[in-house]
Amino acid sequence: MSEATKPKLAVWKFSSCDGCQLSLLDCEDELLQVVGAVEVSYFLEASSAIAEGPYDVSLVEGSITTEHDIERIKEVRRLSGILVSIGACATAGGIQALRNFADVREYTSTVYAHPEFISTLKTSTGIADHVKVDLELRGCPIDRHQLLEVVTALLSGRKPRVPTHAVCVECKKRGNVCVLTEHGTPCLGPVTQTGCGALCPSFNRGCYGCFGPAENTNIDSLTSALRATGMQDRDLVRVFRTFNAWSPAFRAAGEKVAAGGVTQ
Amino acid sequence: MTHRMGGTRTLEVGALARVEGEGAMHVKIEDGVVRDVQLAIYEPPRFFEAFLVGRSYTEPPDITARICGICPIAYQASSCNAIESVCGAEIPDSIRALRRLLYCGEWIESHVLHIYMLHAPDFLGFPSAIHLAAKFPEVVERALRMKKLGNDIVEVVGGRAIHPINVRLGGFYRTPSKAELNAFTERLLRARDEALETVRLVSTFEFPDFDGDWELVSLASDGEYPIPEGRRLISDRGLDISIEDYGKHFAETHVAHANALHSHMLERGQYAVGPLARYSLNADKLSPIAKQIAAEVGLGTECRNPFRSIIVRAVELVYAYDEAIRIIDSYEQPERPFVDVQPRAGVGHGCSEAPRGLLYHKYEIDGRGDILSAQIVPPTAQNQPAIESDLEAFVQDRLHLDDHELTHQCEQVIRNYDPCISCATHFLDLHVERS
């Protein structure tokens, strides 16, 4: 395929740790194949060569936290054929969305001597809160195999296969002993979307929700089960408020506990 | 972008490439004199130090890892060191060795990424490693192989390459078996040879004659080249203090022009952390193979030319593979994967040497284990004044270059430090004052 006919790929960054775009460079076995199949037109972390848009596929990392971000994401949307938001920041506002539960002015004066220099929004929000997103890839960080699946599928014009079931299902497939029922270890596996391959339970650790809420789960029931392990309410609020704190289901679960709404 | 008006000449790069995170450069020259230099940071603030307040003492390893996708293990290590010191936890040698192995994996991944994919293209005249691959596929394939090994070590010991899940206060959730680690030995031996080739390759690059004017600061670790821990900070100008006294000797100031918290040494001025500092202050602690290759390429035991940091990184890469081989060779799976760390009220300090330099954490916790305050000083915040001082001196001596070439070389001055702008937890939004 000549350069001119190759699909153009762009990678954009908003407020984030760079880990999700790094996942692309971490595909060591496939990287040269991928960059052979596309024209990498905008990927500042990897290249100083920039080609003008429009771009066939845009991968967007990070959350929206400034007025300028809002303008920039609209421009990215305008320049992009398919827009894929990648990672917990882009899909749910990320860990920096913890400000959404607090007073950002107080945060600013905690960290900075001159809060007046700071310009930031009161909230950190995902990309879909601002523009139309064609596909979301969850995770903190995303799973690089899922990223490859998405890029490969989009290049061949088929729908990417990204499962949306809970981590629990994955654990059963792997034959893991249940850390929650057998060891009494708090685990968000029953309500968290898969994508990691049930990584934490495979390391004798409870899932801590990197991939955000799965569809159709019963969070109230998990909250009760977590209480039964001896967890206090403040710890319960903390487990729902980490990397996907602003995702609607985890946000509601945290607020319900904070308001004393779940008893048993 | 460059423009001239009268006697004023301005060099600007609106969005720096091949650095982690978002930054820009602005240099203003008036009548042949460099008037203003800014490494401007427009990575928006994420408020880690604010939202850590009120969290549990067990959470910083997972939470602070998210400051940086390139060096999450550095954040996990520094936070564990700080909190374990508050709580008075004694970490067994077997777990400390495993932490060192995990950290070697991160050094390998990060150093290969910087040497081959971010830095080497500057010296070879390519815009990226992707372009480099078209002409020298075997070089880039070697780099990817070397990098993958670092990630594979992190995956086996830490669970996954980015934001490892297996690190906790007191140790790990699960420790690998001897057999799992032995499986790496053959690949490590090959990679160490490839790293030696890397040192030979990068030492043939052409380096501008340039020495930085700053104090070199690094962590000191008993008898070892400093990586995951250390209780003293040393410098090439006689500093030798406990990390507990960090706050008495170093301060962060909030400057408007660059919109970042700049770090400096009280009554001493700017300093630099990272490979040059580590190497110049600890070269005697490297393994024989690493020392030998450094001597072979004529590196000496001190290096103050930031352009030559690529050679130092390559020597550290040899050492990281060598250390991984040594640790795996003597590894015995710990009886328990972790020791218990009970909360205790107090203040704790923790340091480690991230690939790009010293990373300092400080936490105050109460008797229940709730965090009362947190302070994190990433390497790039410490290096920013040094980078700006390098830019100023570098440009002043090269005013004869045309704008395009000068701008390009200035970008290299910045990339010499492998700046990780995402790491800058408390970097601010940018309002550049342009005249």
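Under a 5 Å amide H to amide H cut-off, with H placed in plane at 1.01 Å, what residues pair with residue A:47 once short-range neighbours are removed?
Placed amide hydrogens put B:18 under 5 Å from residue A:47.
Roughly how many nanometres apart are two label points built 7 Å out from the Cα toward the Cβ at residue B:340 and residue B:266?
3.9 nm
In debye, nearest 20: dipole of region A:1-115 around its Cα centre with unit charges on the Cβ of K, R (+) and D, E (-)?
With only Lys, Arg, Asp and Glu charged at Cβ, the dipole is about 400 debye.
Starting from the amide H of residue A:8, placed 1.01 Å from N in the peptide plane, find each other amide H under 5 Å away whose residue is 5 or more places distant or on another chain.
A:39, A:56, A:57
Using the Karplus curve 6.51 cos²θ - 1.76 cosθ + 1.60 with θ = phi - 60°, work out ³J(HN,Hα) for each residue of region A:174-186 in order, rounded to whole Hz, and write x for Gly and Pro.
7, x, 5, 6, 6, 5, 6, 7, 8, 10, x, 8, x
Relative to the longest principal axis of the C-alpha atoms of chain B, give the angle of the C-alpha long axis of helix B:72-87, reported between 0 and 90° and rounded to the nearest 10°.
So the helix axis and the longest Cα principal axis differ by about 50 degrees.
At q = 0.18 Å⁻¹, what is the base-10 log of I(q)/I(0) for region A:1-72 according to the Debye formula with one equal point scatterer per Cα and no solvent? Please give it to two decimals.
With no solvent term, the Cα-only Debye profile gives -0.75.
Could you tell me how far the Cα centroid of region B:39-82 sits from the Cα centroid of region A:36-111, in Å?
Comparing the Cα centres of region A:36-111 and region B:39-82, I get a distance of 20 Å.
Tell me the relative contact order for region B:270-398 as a rounded percent, counting alpha carbon contacts under 8 Å between residues six or more apart.
26 percent
Expressed in whole Å with the largest first, what are the equivalent ellipsoid semi-axes of chain A derived from the C-alpha gyration tensor as the square root of 5 times each eigenvalue?
Working: eigenvalues 227, 125, 39 Å².
Semi-axes (√(5λ), whole Å): 34, 25, 14.
With an 8 Å Cα cut-off and a minimum separation of 6 or more residues, compute the relative contact order for chain B in percent.
Relative CO of chain B lands at 27 percent.
Can you say what percent of the DSSP beta bridges in the protein assembly as shown, counting only those with both residues inside, are antiparallel? Round to 5.
75 percent
Between residue A:52 and residue A:5, 0.36 nm times their residue separation minus their Cα-Cα distance comes to what?
15.5 nm
Tell me, what are the semi-axes, in whole angstrom and largest first, of the equivalent ellipsoid of region B:48-383 as set by the roots of 5 times the Cα gyration tensor eigenvalues?
31, 25, 18
Take every residue in peptide A:40-52, count the Cβ atoms of other chains within 10 Å of its Cβ, and give the average of those counts.
Partner Cβ neighbours, averaged per residue: 6.
Would you mind getting the accessible area per residue of chain B, heavy atoms of the protein chains only, 1.4 Å probe, in Å²?
Averaged over the residues of chain B, the accessible area is 32 Å².
Applying the Karplus parametrisation 6.51 cos²θ - 1.76 cosθ + 1.60 with θ = phi - 60° to the phi angles of region B:159-172, what ³J(HN,Hα) value in whole Hz is obtained for each residue in order, glycine and proline being reported as x?
x, 7, 5, 10, 6, x, 9, 9, 9, 9, 3, x, x, 10
Looking at this model, which pairs from A:172/B:148; A:132/A:159; A:13/A:74; A:13/B:362 are more than 20 angstrom apart at the alpha-carbon?
The answer is A:172/B:148; A:13/B:362.
When Cβ neighbours within 10 Å are restricted to other protein chains, what is their mean count per residue of peptide B:160-170? Walk me through the numbers before you get to the answer.
On the way: counts 11, 6, 14, 7, 2, 9, 6, 0, 2, 0, 0.
Neighbouring Cβ atoms belonging to other protein chains average 5 per residue here.
Please work out how much length the chain gains when fully extended from residue B:401 to residue B:372, using 0.36 nm per residue of separation minus the C-alpha to C-alpha distance, in nm with one decimal.
Extra length from residue B:401 to residue B:372 when fully extended: 5.2 nm.
For region B:42-197, take N as its residue count and report Rg(C-alpha) divided by 2.2 N^0.38 Å.
With N residues counted in region B:42-197, Rg over 2.2 N^0.38 Å equals 1.19.
How far, in degrees from 0 to 90, does helix A:144-155 lean away from the longest principal axis of the Cα atoms of chain A, to the nearest 10?
That helix lies at roughly 40 degrees to the long axis.
With the crude spin-label approximation of a point 7 Å out along Cα→Cβ, what separation in nm comes out for residue B:200 versus residue B:141?
Here the answer is 1.9 nm between the modelled labels.
Based on the alpha carbon coordinates of the protein assembly as shown, what radius of gyration and maximum Cα-Cα distance (Dmax) apply, in Å?
That works out to 24.0, 77 Å for Rg and Dmax.
So what is log10(I(q)/I(0)) for region B:294-371 at q = 0.18, 0.21, 0.25, 0.28 1/Å, when the Debye sum runs over its Cα atoms only?
Taking Cα atoms of region B:294-371 as identical point scatterers yields -0.95, -1.04, -1.18, -1.26.
Can you pull out the GluC sites (Glu not before Pro) in region B:42-108 that DSSP calls coil and that have at most 12 other Cβ atoms within 10 Å?
B:90
Given labels modelled 7 Å from the Cα in the Cβ direction, how far is it in nm from residue B:251 to residue B:392?
Going from the residue B:251 label point to the residue B:392 one covers 1.8 nm.
Angle check, please: helix A:248-258 long axis (alpha carbons) against the longest principal axis of chain A (alpha carbons), in degrees 0 to 90, nearest 10.
Orientation of helix A:248-258: about 30 degrees from the principal axis.
Report, in debye and to the nearest 20, how large the dipole of region A:110-264 comes out about its Cα centre when Lys and Arg carry +1 and Asp and Glu carry -1 on their Cβ.
260 debye
Please report the relative contact order for chain A, taking Cα pairs under 8 Å with a sequence separation of at least 6, and give it as a percent rounded to a whole number.
Reported relative contact order: 16 percent.
Averaged over peptide A:10-20, how many Cβ atoms belonging to another chain are found within 10 Å of each residue's Cβ? Could you put the intermediate results ahead of the total?
Details: counts 0, 0, 0, 6, 3, 6, 8, 18, 13, 12, 2.
Whole-number average of other-chain Cβ neighbours for A:10-20 is 6.
Am I reading the B/A interface right? What is its buried accessible area, both sides, 1.4 Å probe, to the nearest 100 Å²?
Approximately 5500 Å², summed over both chains.
Could you tell me what % of all Cα pairs in region A:167-258 have separations over 20 Å? Don't jump to the answer; show the numbers that get you there.
Values: 1120 of 4186 pairs.
Distances greater than 20 Å cover 27 percent of the Cα pairs.
The values are calculated or read from the model by the stated rules, or taken from the named source; none is laboratory data. As the structure is a prediction and not an experimental result, all values here were calculated from the model. Positions of Cβ are generated from backbone atoms using ideal geometry, with glycine treated the same way; all protein chains shown enter the neighbour counts. Each accessible area value is taken on the protein alone, full model and side chains, heavy atoms only, with ligands, DNA and RNA left out. Shrake-Rupley method; radii C 1.70, N 1.55, O 1.52, S 1.80 Å.
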